[in-house]
Amino acid sequence: MEKVLKSILKTIRLWSAAVPMNIVASAFLFLMALLAAVAANSSFAPAYNEFLSHQLYFQVGDFNLFSHNGHSLTVHQFINDGLMTVFFLTVGLEIKRELLVGELSSVRKALLPFIAACGGMIVPVAIYTFICPANTDAGHGLAIPMATDIAFSLGVLSLLGKRVPLSLKIFLTAFAVVDDIGGIMVIAAFYSKHVSLGYLAWAGVLLLMLFLIGKRVSTNKTFFMLIGIVIWYLFLQSGIHSTIAGVLLAFVIPARPRLDVGKYIERIRRTINMFPVTNEDEIVLTNRQIAMLKRVESASDRVISPLQSLEDNLHLAVNFVILPLFAFANAGVVFSGSGELIGDVTWAIAAGLLFGKLFGIYLFTWLAVKTGIAGMPRGMTWKTTAGVSLLGGIGFTVSLFITNLSFGEGQAVLLNQAKFGVLLGTVVAGMLGFLYLRWALAYDERKLKH
């Protein structure tokens with residue numbers, strides 16, 4: 001099994017050398033979503049449903065780690081409540097990095113994408129609420145069209161190649177990160193129930209302990225992840241959605257390396273000068289040589305912050321294992337007739353993602369620039385802003401995640417309609433955004449030449 005995984009990762013790295021990683025990841029994610037839809041509407045449907053409903057156990061004595069309120073998690077629940085916690089951990093790490101040194105690290109940098117993201121959340125919710133009033137069963141899904149899938153939208157943008165201004169990529173990334181913050185706040189505030197303060201208090205104590213340890217003692221990633229599993233279990237039992245544990249864990253993982261670059265370079269130079277050189281034809285290293293090389297390796301680990309190192313370590317697993325599994329488990333729309341497939345929820349989500357994101361992001365950006373609250377980034381035009389606003393309608397991952405939280409047991413029809421609405425809105429927004437941006441970038445190039 002280990003050899004197979006290594007072979008898969010090696011193949012992925014070879015692909016990424018020729019094709020940008022986010023394009024490969026987006027294509028794989030879309031393929032798994034398509035596979036889920038095929039499985040849910042074919043003779044494999046019973047096996048597909050049985051696989052997702054299969055119970056999991058990670059048990060020591062009477063204690064089962066994969067359980068909630070005494071009931072074992074199913075495969076579907078483990079993917080959504082367990083593996084997706086790792087995804088939200090990476091989202092949290094990305095948000096923390098952007099807040100510290102990225103496009104959200106100062107008010108001046110953050111203002112325009114923050115305003116754009118607010119428009120991209122408010123207008124879709126308003127459109128959804130207009131079609132599906134909040135006091136109805138369908139109204140529970142009003143947060144679904146709020147989200148923008150960073151990986152998917154950047155993947156579509158990357159298809160346009162080097163013609164895309166860097167400022168446009170930064171703007172899309174920044175407002176999508178703010179979208180993620182909004183989505184996380186919605187999940188924490190509105191999708192928690194029967195909160196147990198005891199479990200929550202213990203999770204808070206462990207998070208505080210990790211914060212203090214990271215500040216003063218250790219930056220060992222393995223230690224943080226092991227305690228993180230305990231925190232995840234406590235959140236799972238507390239009633240607060242377990243994925244919030246991943247976000248909070250990200251914010252206590254140290255962002256500063258234990259060894260700064262200057263000291264690292266000085267130490268490496270000193271080690272190289274002292275390195276005992278023996279016969280060049282010698283194959284086997286001496287014990288002293290091995291010890292010195294291990295010292296270099298240890299120093300190299302310490303010069304990379306745990307935040308950056310963990311984000312890099314989780315990148316492949318999240319993009320090529322966790323998210324594809326999530327898509328396979330949640331994108332299985334059942335095409336069993338228009339009465340169950342298309343309804344008000346379908347149109348509300350699709351319209352929210354397509355028109356809500358477009359008008360919300362563009363209008364709020366226009367107002368911010370025209371009123372002088374924020375400046376237009378160099379390299380961006382109003383035409384390309386409209387195109388990237390369309391790409392904001394690619395909701396997919398977080399939208400599907402909120403869909404499952406919005407419509408639970410006994411609401412299978414609404415759940416199916418919501419899934420189809422997410423897929424419809426995402427695909428149309430992605431296609432139109434790509435085509436429009438290709439035209440807009442070509443138009444800007446012609447304009448510059450003349």
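The values are calculated or read from the model by the stated rules, or taken from the named source; none is laboratory data. In this text, all values refer to a predicted model and were calculated from it rather than measured experimentally. Cβ coordinates were reconstructed from backbone atoms using ideal geometry, including for glycine residues, and neighbour counts include every protein chain displayed. These accessible areas exclude ligands, DNA and RNA; they are computed on the full protein's heavy atoms, side chains included. Shrake-Rupley method; radii C 1.70, N 1.55, O 1.52, S 1.80 Å.
Which order do Cys118, Cys132 take by accessible area at a 1.4 Å probe, largest first? Please list the in-between numbers first.
Values: Cys118 35, Cys132 5 Å².
Largest accessible area first, the residues go Cys118, Cys132.
Looking at the chain, identify the longest residue range that excludes and avoids all GluC sites (Glu not before Pro) in DSSP loops having at most 11 other Cβ atoms within 10 Å.
With a cap of 11 other Cβ atoms within 10 Å, the longest stretch comes to 1-279.
If the elastic network links every pair of Cα atoms under 10 Å, which of Thr371, Thr426, Thr346 fluctuates the most in the Gaussian network model of the chain?
Of the options given, Thr371 has the highest mean-square fluctuation.
Could you report the accessible area of Leu34 in Å², rounded to 10, computed with a 1.4 Å probe on the protein chains as they sit in the structure?
It works out to around 90 Å².
Using a 1.4 Å probe over the heavy atoms of the protein chains, calculate the carbon and sulfur portion of the accessible area of the chain as a whole percent.
Answer for the chain is 66 percent, counting heavy atoms of protein chains only.
In whole percent, what relative contact order does the chain give with Cα contacts below 8 Å and a gap of six or more residues?
On the way: 642 pairs, mean separation 120.6, N = 450.
Here the relative contact order equals 27 percent.
Using a 7 Å offset from the Cα along the Cα-to-Cβ direction at both Met225 and Ala188, what is the distance between the two label points in nm, to one decimal?
2.4
Considering Cα pairs under 8 angstrom that are at least six residues apart, work out the relative contact order of the stretch 87-207 and quote it in whole percent.
Across the stretch 87-207, relative contact order equals 29 percent.
Express the accessible area of the chain per residue in Å², computed with a 1.4 Å probe while the remaining protein chains stay in the model.
Spelled out: the 1.4 Å probe surface of the chain, per residue, equals 51 Å².
For the chain, modelled as a GNM with alpha-carbon contacts under 10 angstrom, which of Ile144, Ile79, Ile361 fluctuates the most?
Maximum among the listed residues: Ile79.
Calculated from DSSP H runs of 4 or more alone, at -39500 (n - 2.57) each and per residue, what is the 222 nm mean residue ellipticity of the chain, nearest 500?
So the calculated ellipticity at 222 nm is -22500 deg cm²/dmol.
At a probe radius of 1.4 Å, what is the per-residue accessible area of Arg438, in Å² to the nearest 10?
Approximately 120 Å² of Arg438 is accessible to the 1.4 Å probe.
Where in the chain are the DSSP H helices whose alpha-carbon span along the long axis reaches 27 Å or more and whose Kyte-Doolittle mean is at least 0.0?
In the chain, the long hydrophobic H runs are 21-40, 107-131, 166-190, 197-216, 412-449.
With 27 Å as the limit, write out which pairs from Lys109/Lys370; Lys215/Lys294; Lys109/Lys162; Lys193/Lys419; Lys96/Lys370; Lys383/Lys449 have Cα-Cα distances beyond it, or answer none. If you can, show how the numbers build up before the last one.
Details: Lys109/Lys370 17 Å; Lys215/Lys294 25 Å; Lys109/Lys162 23 Å; Lys193/Lys419 23 Å; Lys96/Lys370 30 Å; Lys383/Lys449 17 Å.
Pairs exceeding the cut-off: Lys96/Lys370.
I'd like the FRET efficiency for Glu340 and Ala47, computed as 1/(1 + (r/R0)^6) with the beta carbon distance as r and R0 of 25 Å, rounded to 0.05.
0.70
Counting other C-beta atoms within 10 Å, and keeping those with at most 12, which DSSP coil trypsin sites (Lys or Arg not before Pro) do you find in the stretch 338-427?
Values: sites: Lys357, Lys370, Arg378, Lys383, Lys419; in loops: Arg378.
Passing sites in the stretch 338-427 are Arg378.
Pick from Val398, Val277, Val107: which is most flexible by mean-square fluctuation in a GNM of the chain where alpha carbon atoms under 10 Å apart are linked?
Per the Cα network of the chain with a 10 Å cutoff, Val277 tops the list.
Restricting to Cα pairs below 8 Å that are 6+ residues apart, what does the relative contact order work out to for the stretch 100-152? Please round to a whole percent.
Reported as a whole number, the value is 28 percent.
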